[in-house]
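Derivation of every value follows stated rules applied to the coordinates shown; laboratory data play no part. Keep in mind that this is a model prediction, so the values were computed, not measured. As a convention, Cβ positions derive from the backbone with ideal geometry for all residues, glycine included, and neighbour counts pool all protein chains shown.
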Amino acid sequence: MKTDNFADRAAEWDSPSKIEMTDKFVAALLKKVKPRADWKALEIGAGTGLVGLQILPEVKTVVFEDTSEAMLEVLKQKLTGSGNAEILHGEVFEYQKKDIDFVFSCMAFHHLPDIDKTLNHLHKITTENALIAVGDIRTEDGSFHHFEPIPHTGFDTNELASQFSKAGFEVLSAETYNVLERERTPGVIGSYEQFLLIAEKRDE
Ligand SMILES: C[S@@+](CC[C@H](N)C(=O)[O-])C[C@H]1O[C@@H](n2cnc3c(N)ncnc32)[C@H](O)[C@@H]1O
């Protein structure tokens, strides 16, 4: 397993601003997707569960997947008694069953090195007409992560949508749901648009 880049941040992750940010994502998501009680869901980059724990009561199971052991440890402390949660510590490629009805992910896609490979894998592990909901930021100049090297400085949703289509999903919508204001460089505030993309699996 690679270095846990979130190890130092896990204990402090659930700050008011992160809670507000994830609540906005969940509100936008629930306007587009009505989770069903018989669904098995998978969250990519679940972190401490700020999103997934809100989806958990609505579905049969949530698989909380993340590469950060530290983030998942925080989640586990919140899960006592939640029998319908599964934890997957590792890359999403380690999930091999073909039973996922709904995939969701908030602010994790820009950390995934290979989007095409991820989407092809999602096509393999999902059921007919499965839904995918991805929230992330639109293309930015690298300042969102203080110019540290990360796999993606946001996404052009037209390009991301064609990647989804190529992998066998129909994109139903890709809309801005929030604009984050945060310090871009010392003393300068930047705006970062967050989008929610919803896609549905189509058979090959
Ligand atoms: C910005 S945090 C978002 C966490 C959570 N979704 C939230 O909104 O609070 C990004 C998360 O993606 C995880 N992550 C980074 N690379 C990953 C990968 N290759 N596969 C799965 N998760 C990854 C990190 O460990 C971290 O928990």
### Query
Which percentage, to the nearest 5, of the DSSP beta bridges contained in the range 10-201 is antiparallel?
50 percent
### Antiparallel bridge percentage (DSSP; both residues within the range 84-198; nearest 5)
70 percent
### Message
Given the -39500 (n - 2.57) contribution per DSSP H run of 4+ residues, what per-residue ellipticity at 222 nm results for the chain, rounded to the nearest 500 deg cm²/dmol?
### Response
-7500 deg cm²/dmol
### Task
Name the shape class, rounded, prolate or oblate, that the alpha-carbon gyration tensor gives for the range 10-201, where a ≥ b ≥ c are the square roots of its eigenvalues, rounded holds for a/c under 1.5, and otherwise prolate holds if a/b is larger than b/c and oblate otherwise.
oblate
### Query
For the chain, modelled as a GNM with alpha-carbon contacts under 10 angstrom, which of Gly49, Gly81, Gly90 fluctuates the most?
Gly81
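Which trypsin sites (Lys or Arg not before Pro) in the range 1-69 sit in a loop by DSSP (not H, G, I, E or B) and have at most 14 other Cβ atoms within 10 Å of their own Cβ?
Passing both the DSSP loop test and the Cβ count: Lys2, Arg36, Lys60.
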### Query
Using the Cα gyration tensor of the range 123-204, with a ≥ b ≥ c the square roots of its eigenvalues, what is the shape: rounded (a/c below 1.5), prolate (a/b larger than b/c) or oblate (neither)?
prolate
### Summary
Links exceeding 32 Å between C-alpha atoms in this model, out of Lys31/Lys76; Lys2/Lys31; Lys78/Lys166; Lys76/Lys166, come to Lys2/Lys31; Lys78/Lys166; Lys76/Lys166
### Query
Highest GNM mean-square fluctuation, the chain, Cα pairs closer than 10 Å: which of Asp99, Asp66, Asp38?
Asp38
## Note on the structure
Within the set Ile137, Ile87, Ile44, GNM on the chain using Cα springs under 10 Å gives the largest fluctuation to Ile87
### Task
Name the residues whose placed amide hydrogens come within less than 5 Å of the amide hydrogen of Glu86, ignoring near sequence neighbours (fewer than 5 apart) on the same chain.
Val62, Val63, Phe64
